[in-house]
Every structure is written in structure tokens, then in C-alpha cells.
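Here is the structure we will look at.
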Amino acid sequence: MAAAAATLARRITRSGVLPLCRRLPVWGRAARRPPGLPLAPCRAFSNKKIQVDMNESSGVATMKFKSPPVNSLNLDFLTEFCISLEKLENDRACRGIIITSAIPKIFSSGLDITEMCGKSTEHYTEFWRAVQEMWLRLYSSNMVTLAVVNGSSPAGGCLIALSCDYRIMADNPKYTIGLNEAQLGIVAPFWFKDTFVNVVGQRVAERSLQLGSLYPAPEALKFGIVDELVPEEKLQEKATAVMAQWLALPDHARQITKSMMRKAVLDLLVAHREEDIKNFTSFVSKESIQKSLRMYMEMLKKKKS
Ligand SMILES: CCCCC/C=C\CCCC/C=C/C(=O)SCCNC(=O)CCNC(=O)[C@H](O)C(C)(C)COP(=O)(O)OP(=O)(O)OC[C@H]1O[C@@H](n2cnc3c(N)ncnc32)[C@H](O)[C@@H]1OP(=O)(O)O
């Protein structure tokens with residue numbers, strides 16, 4: 001596992017672009033399972049920050065974020081996430097993934113702000129490439145991707161949910177979700193914005209992005225940021241039912257449709273990846289941005305006392 005992580009990290013950071021393997025539609029992957037072979041009911045693999053349980057009889061993997069205190073997306077987390085996605089993408093038995101959190105009340109707090117503060121240009125480059133890689137893999141996945149948002153999910157956490165095919169959120173107004181970058185004095189990059197527009201439409205996205213709005217669960221439902229609210233104790237049951245509904249269709253039809261809907265947005269980042277990294281590194285390197293991020297971190301810490 002450590003060797004695989006190191007290899008992936010090297011591939012992400014050195015070669016520039018990690019080959020997006022199996023991006024094109026896979027024709028009925030489940031149908032290629034050898035007939036008559038008994039299936040092990042469940043397999044699991046776990047890294048430091050993400051637990052993956054694969055149910056082979058249903059073809060559904062559950063990926064649980066378990067990086068306390070708040071599942072922030074640092075370089076190690078992003079690398080593990082990419083490795084887990086690659087493993088599942090290449091596993092013919094896996095047709096769908098449920099992405100959720102093992103940390104109570106938090107889905108993910110978004111990008112780890114400490115990765116964007118006081119570091120070198122090389123570090124910002126490596127970090128941003130990993131963020132891009134995570135999104136490219138998730139947004140272009142052939143699998144059915146279902147976000148079970150069982151806690152707050154600002155910024156990068158919201159991006160993960162938005163990149164899935166369907167979002168179920170716990171019906172708790174204390175949990176919020178949204179792209180709140182503007183509140184930190186930073187700007188959601190174009191591919192965050194495009195992903196958001198594809199889910200909620202231009203008007204809601206524009207207003208929400210300019211205001212950096214974080215929506216309590218009921219409002220998130222109203223604006224279409226999530227598809228359903230479910231009592232927290234019913235999330236698992238609901239996720240299983242939704243996944244079964246999506247998996248009832250032939251894989252190839254769903255995959256080609258998904259690819260058709262998302263291709264333009266994906267292609268744009270692939271074509272402008274290096275430019276996007278340069279924009280990010282020069283933007284976060286500005287003293288004014290560093291100051292905003294430091295103040296935001298201080299505000300988070302003060303909030304506790
Ligand atoms: C024009 C060209 C543009 C190009 C691109 C330019 C710019 C780049 C844009 C980058 C896009 C950024 C995306 C992001 O995801 S930025 C991150 C945004 N995240 C947040 O705003 C969330 C902040 N956190 C919270 O609101 C809360 O922590 C919470 C998630 C609601 C959880 O609340 P609670 O349970 O009360 O926990 P605490 O607040 O006490 O937090 C526990 C400790 O965790 C630290 N923390 C929290 N979030 C983060 C984070 N995102 N990164 C790093 N650390 C985080 C917090 O400080 C506490 O630490 P402590 O225990 O040491 O005090």
C-alpha cells in the first residue's frame with residue numbers, strides 16, 4: 001500500500017498528467033464476471049485516512065473518510081483517495097461507490113488550509129495537481145457515485161459531493177454545505193464553478209459563489225445542491241435503495257450518457273491543467289491571500305474559545 005501510494009504520488013507530481021485510465025465507457029463490466037463463480041460477500045481495504053469496504057454480491061463499495069478531526073483534504077488524503085478510486089475503477093466487480101464519512105457531524109471540511117499557507121511554490125504545485133487529479137478521477141468515474149453527506153461539507157468537501165452522480169444528505173439543519181471560498185477571500189476555480197453550475201444551474205451557482213454561501217441541509221435541498229434529505233439513521237438504507245435503482249440500468253448506457261454530460265467540463269481542465277496550476281500557485285502566493293487564509297484559520301481557532 002505504501003509503495004502504491006508512493007508510486008501514485010510520484011506519477012501525479014512528476015509526469016504532470018496521470019493517465020486517466022478507463023475514462024471511456026466500459027461495456028457492462030458486471031456482465032464480464034465469470035459465470036458460476038462464487039463471490040466473496042465482502043472485501044475491504046483500508047489506508048490511514050480512508051476505509052473501503054467492497055460488497056461483491058452487490059458490486060457496491062463504500063468509501064468512508066476517517067481523517068480526524070474534520071476530514072480535511074491534505075496531500076496524503078488526496079493521494080489515498082486517488083489510489084482508492086483507481087483500485088475500484090479497475091475492479092470489474094465494482095459498479096458503484098458510496099462516499100461518506102466515519103467522523104460524526106463532518107463529511108469533509110474541504111481543502112486543508114494549512115496546505116495553502118506558508119509553503120513553497122513546489123508544494124503548492126504538488127498540492128494543486130493532487131486536487132485536480134482527485135476531481136478528474138471522481139467526476140469522470142465510470143462507476144455510479146453516490147455521496148452520503150452525513151455532516152458539514154464546505155468548499156472542497158462540497159466539490160466531492162457535487163462531483164458524484166447523486167447526493168443524499170442527513171436531514172439536520174446544523175449540517176451545512178456549499179462552496180464558501182469567497183468567505184475565505186479566495187476564489188473557487190473554474191472547474192469547481194462548472195461542476196456547481198452543472199448541478200444547480202447558472203443563477204443559483206452565481207449567487208452562491210459570489211456570496212460564498214453555506215446552506216443548512218433544508219436550504220441545500222431547496223436549491224438543488226443535494227437531491228434528498230433523509231433522517232441520519234436512515235441514510236444507509238436509503239443509499240442502498242438509491243444505488244440499486246441506478247445499478248438496475250445497463251452500465252454502458254448510463255456511462256455513455258454520463259460521459260456526454262460531463263466531457264466538456266473535464267476536457268477544459270485537462271487542456272488547461274498546467275495553466276490552472278500556475279494560476280493557483282501565483283494566487284495563493286500573494287501576501288494578501290496568505291493574510292486572508294491566516295486570519296480565517298485564526299477565526300476557526302478563536303471560535304472554539
Ligand atoms: C483567479 C484564479 C483562482 C485560482 C485558484 C485560486 C484559489 C484556490 C481556491 C481553492 C479552493 C479552496 C477550497 C477549500 O476547500 S478551502 C477550505 C474551506 N473550508 C472551510 O471553510 C471549512 C472550515 N472549517 C469549518 O468550518 C469547521 O471546522 C467545520 C468543518 C464546520 C467543523 O467545525 P467543528 O466541528 O466545530 O471543528 P473545528 O472548527 O473546531 O475544527 C477542528 C480543527 O480542524 C481545523 N480545521 C477545520 N477546517 C480545516 C481546514 N479546511 N483545513 C485545515 N484545518 C481545518 C480547525 O482549525 C481545528 O483545528 P484545531 O483543533 O487545531 O484548533
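Every number here is computed from the coordinates shown, using simple stated rules; none is lab data. Everything numeric here is computed off the predicted structure, so don't read it as measured data. Because the Cβ atoms are built from the backbone with ideal geometry, glycine has one as well, and the counts that use them run over all protein chains shown.
Quick one: in the range 113-129, which of the residues that are out of contact with any Phe, Trp or Tyr (no Cβ under 9 Å at 6 or more places or on another chain) and assigned to a helix (DSSP H, G or I) is nearest to the ligand (Cβ to nearest atom)? Let's see the steps before the verdict.
Pass one, the range 113-129, residues out of contact with any Phe, Trp or Tyr (no Cβ under 9 Å at 6 or more places or on another chain): 114, 117-118, 120-123, 126, 129.
Imposing the further condition that a residue be assigned to a helix (DSSP H, G or I) reduces the set to 114, 121-123, 126, 129.
Details: THR114: 5, THR121: 14, GLU122: 17, HIS123: 14, GLU126: 15, ARG129: 13 Å.
Checked the range 113-129; the qualifying residue nearest to the ligand (Cβ to nearest atom) is THR114.
Only residues that are on the phi < 0 side of the Ramachandran plot and within 13 Å of the ligand (Cβ to nearest atom) were counted across the range 173-214, and they come to 23.
So which residues in the range 48-99 are in contact with a Phe, Trp or Tyr (Cβ under 9 Å, 6 or more places away or on another chain), in a loop (DSSP other than H, G, I, E, B) and not charged (D, E, K, R)? Answer for the range 48-99, where residues must be in contact with a Phe, Trp or Tyr (Cβ under 9 Å, 6 or more places away or on another chain), in a loop (DSSP other than H, G, I, E, B) and not charged (D, E, K, R): SER67, ASN71, ASN74.
When both residues are 6+ apart or on different chains and their Cβ atoms are under 6 Å apart, which pairs have a first residue that lies in the range 56-82 and is under 14 Å from SER152 (Cα atoms), and a second that is aromatic (Phe, Trp, Tyr) and not in a helix (DSSP H, G or I)? Between residues of the range 56-82 that are under 14 Å from SER152 (Cα atoms) and residues that are aromatic (Phe, Trp, Tyr) and not in a helix (DSSP H, G or I), the close pairs are ASN71/PHE65. Every condition in (1) among the small types (Gly, Ala, Ser); (2) surrounded by fewer than 16 Cβ atoms within 10 Å (Cβ to Cβ); (3) within 16 Å of the ligand (Cβ to nearest atom); (4) in contact (Cβ under 8 Å) with a residue 24 or more places away in the chain is met by GLY224 except one, and the failing one is (3). Report yes if LEU293 is in a helix (DSSP H, G or I) and surrounded by fewer than 16 Cβ atoms within 10 Å (Cβ to Cβ), otherwise no. Taking the combined requirement at face value, the residue does not satisfy it. Screening the range 83-108 for residues that are within 16 Å of the ligand (Cβ to nearest atom) and touching a helix residue (DSSP H, G or I) at 6+ places or on another chain (Cβ under 6 Å) and picking the one that is farthest from PRO154 (Cα to Cα) gives PHE107. Might you let me know whether the range 102-114 holds any residue that is charged (D, E, K, R) and either crowded, with 22+ Cβ neighbours inside 10 Å or over 22 Å from LYS49 (Cβ atoms) (or both)? No, there is no match, as no residue in the range 102-114 is charged (D, E, K, R) and either crowded, with 22+ Cβ neighbours inside 10 Å or over 22 Å from LYS49 (Cβ atoms) (or both).
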